[in-house]
Structures are given as C-alpha cells and as structure tokens.
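Peer 1: Sharing a structure below in structure tokens format, with a few things to ask.
Nothing in this text is a laboratory measurement; each read-out follows from the coordinates by a stated rule. From a predicted model like this one, the values you see are computed outputs, not experimental measurements. Cβ sites come from the backbone with ideal geometry, for glycine too, and all protein chains shown count toward neighbours.
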C-alpha cells in the first residue's frame, strides 16, 4: 500500500506539471492569436520604377501608416509591374486579391466614365487651378465613381502635364504629327485626342513601350517629363515637344472589399497617411520635373516649346463634339474650365 501511495503522489506531481505546461502553451497560443488579430498587412502594387516620385510617395505613405498605427497596420509595396499591369492590378482589386494600386485616371475611365474628363486637352489654366479641382468637390466626387465596380479612389497623385516625344522629328505644330504612330494608354479619350491632333494612336502597355520604340512599332509617345526620364525612353526618342496637351492625374485606388474590412480606426490611419503623402508627392513631382528636363537635355534630347495655341485650337473640336455625344460630360468639362474664375 505504501508503494502505491508513492506512485500516486509521483503521478499527481507529473499531472500537475503537465497541466501547467498545457496552460503555458495555451497562453502563448492565445497571445499569438491576439497579436495576429491586432496587426494587419495590405498589399499595394503598381507599374512604376522605384525611382519614380509616385513610388517614393507610396513608401512615405506606408511609413506613415506604420507610424500612425504603431505597426498595427502595414503596407507592402510591389513596384515595377511585379503583380501585373495597371489593368490586371485593377482586376485583382475587384476580387479582393490585392488591396491597393496606382493607375492613371485614363485607365480608370473604363470603370468610371466621368473620369475621362481629365483626358480632354487644355482643361486647366495652371497648377493651382488643377489642384483646386482635384482637392475640391468635383475631384472628390469623381474618386468615388468607381465604387459600384469595387474600386474606391483615395487621392490624386500629381502626374504633371503630358507632352509628345518622338524618334525621327520634332513636333512644332499638330501637322507634324501626321503619319506618326503615337503610343497611347488604353483609353478611348487618349485615342480620340491623338487622332484629333493628327497622329495615329497606338495603344501599348507601358511595360512594352521601350521595346516598341526600339523596334519601330511606334514612332513616339506622350507622357510627362519624369516618366519620359525614368522609363529611359529618352535613349530612343531624341525629340521632346513640351506642348502640355493634357494633365491626367494618377489615382490611388483601394478595393472596396478590402476597404470595408478595415475598421474605422484603420481607415483613419490610412487616410491621414494618404493626405500627408499627397502633399509630399506634389513637392517631389515639382523637383522631379526640373531634374528630368536637365538630364534629358544633357543626354542630347532636342526640347521644343511650341506655340500651344495651335494645339489647343485644333483640340477644341473634341470638346465641342461632346455637345451631341455626351452633354453631361460637356457640362463637366465646362464646369472645370470655369472653376474659380
């Protein structure tokens, strides 16, 4: 009997030790679960290089989100088309497989038709006018136009003014565009604009454009100065015409599926960081334009500053045609043009 008591005592000690170990492991498991519940990471993908000012602004935003949330909300960025083209990233947003992306407003017009307004030539008087429209009632309403397609715009990143660059000759008037195949975005408005100005619009994805220029698939393209520089298209195209025909912003877009999964505090962390990043990006863009122009000139690009009125006059017919085709869009164009006059 004495021997059995000793065994029972030994067994009891081991059982208690085992219970303590199970309790400790359970505590660690619950702690890990609780930590996982308190942290959230969302993915942001885009097609720009890491040297582009918009990418730099996104990194700034991601840092601010982590700072604002004390690490409870983080953003992982995938640049340089790692997760697909602009169009492909938008499709991933629509099914909730990707949280955020940056796209041109010209690409978004396929989902939010009113955004095509930014593709109309010579819409803004100057940068001040442009930013007031982006940040004001008109711009903010347009950001939400894509929600029925699961795409919510958060902010406009400055993408400057778009101008033509070509391989074979300088462009001084719209007539000089005749016979030239000009790369455009996958945008009906961009296609129409190049046609109106005399060129032959050729939609090609941004990632394929350098090779297309090299191989003569197209004779030129149109874009802003920093993109002309960071894409290295100036290595192939030695003629730049600063006609500044359109000012099409980039839009930071979030999947409404992901947005609705964020609680109000997480949404606030994101929006606060986004507002700071928007201001930061505009200053980055201003400096990037100055730097890009300097470098491409040093690389031997011939820069022409034509009489813009010739381009503006020819493009007016594009706006006038809206009176019959889309009176609502025509009124929006006129509202923007007269904004703060």
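Peer 1: Between residue 271 and residue 200, what is 0.36 nm times their sequence separation minus the Cα-Cα distance? Round to one decimal in nm.
Peer 2: Contour length minus the Cα-Cα distance gives 21.5 nm.
Peer 1: Now for a separate question. Along the Cα-to-C-beta direction of residue 290, a point sits 7 Å from the Cα; which residues of segment 225-253 have their amide N less than 13 Å from that point?
Peer 2: Zone members listed by number: none at all.
Peer 1: Find the centroid of the Cα atoms in segment 287-315 and in segment 202-227, then give the distance between the two in whole Å.
Peer 2: 17
Peer 1: Test of understanding: what is the full-extension gain from residue 324 to residue 261, defined as 0.36 nm times their sequence separation minus their Cα-Cα distance?
Peer 2: Net length gain for the segment: 18.4 nm.
Peer 1: At R0 = 30 Å, how high is the FRET efficiency between residue 49 and residue 126 if r is their beta carbon distance? Nearest 0.05 is fine.
Peer 2: 0.60
Peer 1: If you don't mind, there's one more thing I want to ask. What percentages, rounded to whole numbers, describe P(r) for segment 139-238 computed over all alpha carbon pairs with 5 Å bin width beginning at zero?
Peer 2: 2, 12, 20, 21, 17, 11, 8, 6, 1
Peer 1: If I stretch the segment between residue 316 and residue 175 completely, what's the gain in nm (0.36 nm per residue apart, minus their alpha carbon distance), one decimal?
Peer 2: Difference between extended and current length: 49.2 nm.
Peer 1: Rg/Rh for segment 154-213 to two decimals, with Rh computed the Kirkwood way over all alpha-carbon pairs.
Peer 2: Expressed as Rg/Rh, it is 0.99.
Peer 1: Moving on to the next point. Got the relative contact order for the chain handy, in percent, Cα pairs under 8 Å and 6 or more residues apart?
Peer 2: Across the chain, relative contact order equals 23 percent.
Peer 1: Now for a different question. Angle check, please: helix 53-68 long axis (alpha carbons) against the longest principal axis of the chain (alpha carbons), in degrees 0 to 90, nearest 10.
Peer 2: With both axes taken from Cα atoms, the answer is about 30 degrees.
Peer 1: Would you work out if segment 65-144 is rounded, prolate or oblate? Take a ≥ b ≥ c from the square roots of the eigenvalues of the alpha-carbon gyration tensor; rounded if a/c is under 1.5, else prolate when a/b is larger than b/c, oblate otherwise.
Peer 2: Cα axes put segment 65-144 in the oblate bin.
Peer 1: Post the alpha-carbon centroid distance, segment 128-190 to segment 231-267, in whole angstrom.
Peer 2: After rounding, the separation between the Cα centres reads 10 Å.
Peer 1: Per DSSP helix of 4 or more residues, -39500 (n - 2.57); summed, then divided by the residues of the chain. What does that give at 222 nm, rounded to the nearest 500?
Peer 2: One gets -16000 deg cm²/dmol as the mean residue ellipticity at 222 nm.
Peer 1: Under the rule a/c < 1.5 gives rounded, and otherwise a/b versus b/c splits prolate from oblate, where does segment 106-151 land using the Cα gyration tensor?
Peer 2: Oblate is the answer for segment 106-151, as a/c is 1.5 or above yet b/c matches or exceeds a/b.
Peer 1: Using just the alpha carbons, could you tell me how many Å³ per residue the convex hull of segment 222-341 encloses?
Peer 2: Looking at segment 222-341, the number lands at 188 Å³ per residue.
Peer 1: How would segment 44-91 be classified by its alpha-carbon gyration tensor: rounded, prolate or oblate, with rounded meaning a/c under 1.5 and the a/b versus b/c comparison settling the rest?
Peer 2: It is oblate, given that a/c is not under 1.5 and a/b is not larger than b/c.
Peer 1: I need the calculated FRET efficiency for the pair residue 208 and residue 298, taking r as the beta carbon distance and R₀ as 22 Å, to the nearest 0.05.
Peer 2: Calculated value: 0.20.
Peer 1: Let me ask something else. Which one, 211, 155, 246, has the greatest fluctuation when you compute a Gaussian network model over the chain with C-alpha springs under 10 angstrom?
Peer 2: The residue that fluctuates most here is 211.
Peer 1: Quick one: pull the percentage of alpha-carbon pairs in the chain with a separation above 35 Å.
Peer 2: 31
Peer 1: How would 183, 286, 130 line up from fewest to most surrounding beta-carbon atoms within 10 angstrom?
Peer 2: Placing the least packed residue first, the sequence is 286, 130, 183.
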